[in-house]
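Encoded as structure tokens, the structure appears first; notes follow it.
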Amino acid sequence: MTDFNDRERAEESKFARDEEMQFRVQARRNRLLGTWAAEKMGLSAVEAEAYAKAVVQADFEEAGDEDVIRKLLGDLVSAGVEVDEAEVRAALDAKAVEARRALMGEA
């Protein structure tokens, strides 16, 4: 019975670590994505940092990536940047890979 309990605790621990890593990857991805968008909008370094934080916060509005995509697309279009949803989604995917690599390098 002890082996089963140990195995169960190990699985729970692994699940918790995986969930934490996923959260960290998404937060890093959103920060990178915010920096990418800020650069396209021509924001200053201070404004870009604040904007990147706002993008990270936007991800807490609803589950999934739609809230982040909606924010970026709306902000980019209102800033006069020629961009479409496909370009934002491609940047989201690229920044997810970049974020995962960066976090794996830190581990």
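Readers should treat all values here as calculations from the given coordinates under stated rules, not as data from a laboratory. Keep in mind it's a predicted model, so treat the numbers as computed, not measured. For neighbour counting, all protein chains shown are included, and Cβ atoms are generated from backbone atoms with ideal geometry for every residue, glycine included.
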- Query: How much length, in nm to one decimal, is gained on full extension between Ser44 and Glu85, taken as 0.36 nm per residue of separation minus their Cα-Cα distance?
  - Reply: 12.3 nm
- Task: Using log10 I(q)/I(0) by the Debye sum over Cα atoms at q = 0.10, 0.13 Å⁻¹ as the read-out, say which of (1) -0.24, -0.41; (2) -0.36, -0.53; (3) -0.27, -0.46 was calculated from these coordinates.
- Result: (2)
- Note to self: C-alpha centroids of region 83-107 and region 1-49 sit apart, in Å, by 12
- Note on the structure: Pseudo-spin-label distance Phe23 to Val77, built 7 Å along Cα→Cβ, given in nm, is 3.3
- With Cα coordinates, the longest principal axis of the chain makes an angle with the long axis of helix 66-78, in degrees rounded to 10, of 10
- Task: Over 22 Å between C-alpha atoms is what I'm after, so list which of Lys14/Lys53; Lys40/Lys71; Lys14/Lys71 land there.
- Result: Lys14/Lys53; Lys14/Lys71
